[in-house]
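The values are calculated or read from the model by the stated rules, or taken from the named source; none is laboratory data. All of these numbers come straight from a predicted model, not from anything done at the bench. Note that each Cβ is placed from the backbone with ideal geometry, even for glycine, and that neighbours are counted across all protein chains shown. Quick note on the areas: whole protein, heavy atoms, side chains included, nothing else; ligands and nucleic acids left out. Shrake-Rupley method; radii C 1.70, N 1.55, O 1.52, S 1.80 Å.
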Amino acid sequence: MKLSFIEDTPFAIKFKIEGIDYNVANAIRRVAIDSVKTFAIDRVTFYENTSAMFDEYIAHRIGLVPLATPLKGYDEKDEILFKLEEEGPKTVYSKSLESTDKSVKVANENIPIIKLGEGQRLRIEGKAVMGDARKSAKFQPGLVTYKPVEGGFEFYIETFGQMTAKDILDKALQLMDDELKEIAKSVKK
C-alpha cells in the first residue's frame with residue numbers, strides 16, 4: 001500500500017492510494033464524511049426576533065455555520081455557548097456569533113445569516129455540541145470523493161473549515177484503526 005499527495009493545502013488535499021480495492025476506498029470516504037466529529041450549534045434560544053423570518057429558519061442557518069473544532073481536549077459532553085445580538089438595518093454575518101470559548105469559534109466569518117430591516121432586532125444564544133454527520137449533516141467536516149485511477153484510487157478532500165483537510169483524513173484513518181482493533185479484540189475472546 002502506498003499513499004502519495006498530489007495537492008496539499010489547508011483547505012483541500014488530493015492524494016493517491018495504491019494497493020486498495022473499492023471496499024477500502026469507500027470505507028475511507030464514508031468514515032471521513034460521517035464519523036469525524038465536529039462542533040455545530042445544535043440548540044438555539046431566541047430572546048428577541050422582530051425580523052420577518054421564523055425562528056426555525058434562522059436557527060437552521062446558524063446551525064449550518066462551520067465552527068473551528070480543536071483536535072483534542074473536547075468530547076460529546078462539552079457545550080460551548082454562542083451569543084448574537086444585532087439591530088437593523090444591516091446584514092448579520094456569522095462573525096456576529098460570539099463564542100464563550102476562544103478555541104471553538106466561527107470558521108468563516110463572512111456567511112450571511114439574515115438581513116435585518118430598520119428597527120428589527122435579533123437576540124439569541126446557541127449551544128454548540130460535538131457530533132458526527134450520522135446525527136445531522138451540520139456536523140459533516142467536508143466533502144470527500146474518490147475515483148479509480150491506474151494502480152489505485154485518487155481521493156479529494158475539501159474541508160468546510162472546522163479543521164484542515166489533512167486532519168479530516170487523519171481522524172478518519174484513526175477511527176478506522178480503532179474500530180478494527182476492537183473487532184480484533186472481540187475475535188480473540
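Odds and ends about this structure:
- Alpha carbon convex hull of segment 1-139, volume per residue in cubic angstrom: 128
- Once the chain from residue 178 to residue 3 is taken as fully extended at 0.36 nm per residue, the excess over their C-alpha distance is 61.0 nm.
- For segment 125-169, the carbon plus sulfur part of the accessible surface works out to 50%, probe radius 1.4 Å.
- Per-residue HN-Hα couplings for segment 124-140 [Karplus 6.51, -1.76, 1.60; θ = phi - 60°; Hz; x = Gly/Pro]: 9, 10, x, 9, 8, 10, 8, x, 10, 5, 5, 7, 6, 5, 5, 8, 5
- With the convex hull of the Cα atoms taken as the outline of segment 68-189, the averaged projected area works out to 11.0 nm².
- Cα gyration tensor category, rounded, prolate or oblate, for segment 127-189 with a/c compared to 1.5: oblate
- Spatial offset of segment 1-53 relative to segment 146-186 amounts to 9 Å, using the alpha carbon center of each.
- CD proxy at 222 nm, helix term only [per DSSP H run n ≥ 4: -39500 (n - 2.57); per residue of the chain; nearest 500]: -8000 deg cm²/dmol
- Rounded to 0.05, the FRET efficiency of the residue 79 and residue 46 pair, given R0 = 25 Å and the Cβ-Cβ distance, is 0.90.
- Mean Cβ count within 10 Å, highest first, over the residues of peptides 75-82, 3-10: 75-82, 3-10
- The angle separating the long axis of helix 165-188 from the principal Cα axis of greatest extent in the chain is about 60 degrees.
- Point-to-point label distance, residue 87-residue 54, nm (Cα→Cβ direction, 7 Å offset): 2.9
- Alpha-carbon centroid distance for the pair segment 55-82 / segment 104-124, whole angstrom: 15
- Principal axis box of segment 36-94, alpha-carbon based, largest edge first, Å: 40, 18, 17
- In degrees, nearest ten, helix 22-34 long axis to first principal axis of the chain (Cα): 20
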